[in-house]
Amino acid sequence: MERGLFNITSATTTTIIDKGDNSGNINTISMTNCSSSNAVTVTLFLDDGTNQTSYIEGVVIPTNTTLLLNHNISFANSKLALKLTTAGTSPDVNVIIK
């Protein structure tokens, strides 16, 4: 899948930007719950391999709804990875990073 586009269809933790990826600043992150029957819970966090710090924690996205984080996100990508955890029954989440 093209960088910056993700389709997550299970309860899992997905590395959105890997450590050392030289990703630059992120302007927006869009997370769409494509399920028409199940809400999804998301946690977006930075991970250095030992510690985690959340941008958002345990946010429930209702069915057919988009959560838009539209503030600039920058972090020391040489030391930190950006990860997304999805939880719930049969998650179906599209993620777009710009």
On full extension of the chain, what length is gained from residue 15 through residue 66, given 0.36 nm per residue of separation minus the C-alpha to C-alpha distance? 16.4 nm
What relative contact order, as a whole-number percentage, does the chain give when Cα pairs under 8 Å and 6 or more residues apart are counted? 50
Candidate values (i) 29, 23, 10; (ii) 26, 19, 13; (iii) 22, 14, 12, label of the one derived for semi-axes √(5λ) of the Cα gyration tensor in Å: (iii)
First compute the accessible area of the chain with a 1.4 Å probe, then give the percent of it belonging to carbon and sulfur atoms. 45
Accessible surface, the chain, averaged per residue in Å² (probe 1.4 Å): 55
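The values are calculated or read from the model by the stated rules, or taken from the named source; none is laboratory data. Worth saying up front: this structure is predicted, and the values here are computed from it rather than measured. What goes into the accessible areas is simple: the full protein's heavy atoms, side chains included, and nothing from ligands, DNA or RNA. Shrake-Rupley method; radii C 1.70, N 1.55, O 1.52, S 1.80 Å.
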